[in-house]
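See structure below.
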Amino acid sequence: MAVTVTVAVAIAAVLDRVFAEPPARVHPVALFGRAIGPFDREWSHPVAVGTLVAVALPVLAAGIVAGATWSASLVSPWVGVGVAALALFSTTSLQMLVDTTATVVSATATDVETARVELRALAGRDPSSLSAGEIRSAAVESAAENLADGLVAPLLAFALLAPVSLPLGAGAAAWVKAVNTLDSMLGYHHKPVGTVPARLDDAVMWLPARLSALLLAIAAGSPGVLTRVGTLARRPASPNSGWPMATLATLLGTRLEKPGHYLLAAGPDFPDTVVATRGVRLVSRAGLTAFALTGVVVWF
């Protein structure tokens with residue numbers, strides 16, 4: 001059992017490295033996003049609808065993935081491993097995150113307008129008036145936050161349940177990804193239906209956000225930095241996203257800011273291209289460490 005679960009993690013890591021993401025037309029997260037779409041409107045009882053959506057849709061996603069993995073395992077344990085690996089590959093993202101962030105950072109040195117366009121794939125803010133330094137700040141912030149949301153959270157869910165049952169582990173990763181996708185699509189103040197999904201995401205992401213901060217500190221060879229980031233980590237309104245962002249800002253000795261929302265002043269200036277590139281490398285190293293540690297945990 002331990003061998004097959006570890007192999008599933010290894011296959012998912014290789015798929016991420018080679019392909020970055022499944023094709024958009026068949027990406028399970030994109031398909032799930034389409035299922036969320038009809039709920040993104042005004043309702044007479046938005047909290048009730050939001051509660052139903054937050055409970056039912058992630059459970060449905062988890063059930064489909066767990067059921068597919070279980071059915072494949074009946075054919076052969078290794079077929080089940082393949083399906084679980086595909087599920088984990090679909091619910092995690094490291095290479096695409098690193099590549100996109102690196103593209104934005106590189107573009108700020110030569111073509112700020114292109115950097116603004118590319119930033120839209122990373123950060124949910126209007127880039128039209130951002131300076132090159134502010135664009136690099138947004139890119140680094142998003143890379144740190146998405147390390148937790150898009151990689152550590154589903155890997156943690158998988159690691160907790162896969163040693164018990166491979167279908168349960170795959171289903172747990174899908175459940176976490178579904179919760180996070182609901183929050184990213186509905187969890188805004190101007191969308192009343194998103195209140196419950198947002199609060200659920202806050203609860204689910206509490207541990208992954210802090211583990212991501214630890215992974216960044218380990219990747220930099222400075223685990224002691226975590227004793228110095230608490231004040232900065234509480235600056236953003238989110239109870240979680242500040243931890244990986246503040247840790248990365250402190251490791252880089254730079255300033256990260258979302259105007260009108262928060263300022264993480266671990267340094268006097270916005271990151272230049274050298275500093276931002278170092279930040280991308282740290283996120284990449286932390287993500288690879290997350291894959292490796294997941295493989296070790298499920299092995300034992």
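Report yes if Arg234 is basic (Lys, Arg) and touching a residue at least 12 places away in the same chain (Cβ under 8 Å), otherwise no. Even if it seems obvious, please write down each step before you answer.
Working: basic (Lys, Arg): yes; touching a residue at least 12 places away in the same chain (Cβ under 8 Å): no.
No; evaluated as a whole, the condition is false for this residue.
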Criterion: out of contact with any Asp or Glu (no Cβ under 8 Å at 6 or more places or on another chain), at pLDDT 95 or above and either surrounded by fewer than 18 Cβ atoms within 10 Å (Cβ to Cβ) or among the aromatic types (Phe, Trp, Tyr) (or both) - qualifying residue of Gly242, Gly260, Gly253: Gly253
Condition met for Trp78 (at pLDDT below 95 and either over 30 Å from Arg136 (Cα atoms) or not in a helix (DSSP H, G or I) (or both)): no
Trp78, sole failed condition from (1) in contact with a helix residue (DSSP H, G or I) (Cβ under 8 Å, 6 or more places away or on another chain); (2) free of Cβ contacts under 8 Å to residues at least 12 places away in the same chain; (3) not aliphatic (A, V, I, L, M): (2)
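Would a scan of region 253-274 turn up a residue that is aliphatic (A, V, I, L, M), within 20 Å of Asp99 (Cβ to Cβ), free of Cβ contacts under 8 Å to residues at least 40 places away in the same chain and out of contact with any Lys or Arg (no Cβ under 6 Å at 6 or more places or on another chain)?
Filtering region 253-274 down to residues aliphatic (A, V, I, L, M) leaves 256, 263-266, 274.
Okay, now just the ones that are also within 20 Å of Asp99 (Cβ to Cβ), so 274.
When the remaining residues are screened for being free of Cβ contacts under 8 Å to residues at least 40 places away in the same chain, the result is 274.
Going one step further and asking which of them are out of contact with any Lys or Arg (no Cβ under 6 Å at 6 or more places or on another chain), we end up with 274.
Looking through region 253-274, at least one residue is aliphatic (A, V, I, L, M), within 20 Å of Asp99 (Cβ to Cβ), free of Cβ contacts under 8 Å to residues at least 40 places away in the same chain and out of contact with any Lys or Arg (no Cβ under 6 Å at 6 or more places or on another chain).
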Selection within region 111-169 - among the β-branched types (Val, Ile, Thr) and either part of a helix (DSSP H, G or I) or farther than 27 Å from Ala8 by Cβ (or both): Val112, Thr114, Val117, Ile135, Val140, Val152
Flag if Ser137 is of a type in the set (S, T, N, Q) and surrounded by fewer than 24 Cβ atoms within 10 Å (Cβ to Cβ): no
Ala24 being under 22 Å from Ala153 (Cα atoms), exposed (fewer than 14 other Cβ atoms within 10 Å of the Cβ), free of Cβ contacts under 8 Å to residues at least 60 places away in the same chain and out of contact with any Leu (no Cβ under 8 Å at 6 or more places or on another chain): yes
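The values are calculated or read from the model by the stated rules, or taken from the named source; none is laboratory data. Keep in mind the model is a prediction, meaning the values are calculated, not measured. A quick note on method: Cβ atoms are made from the backbone with ideal geometry, for glycine too, and the neighbour counts reach across all protein chains shown.
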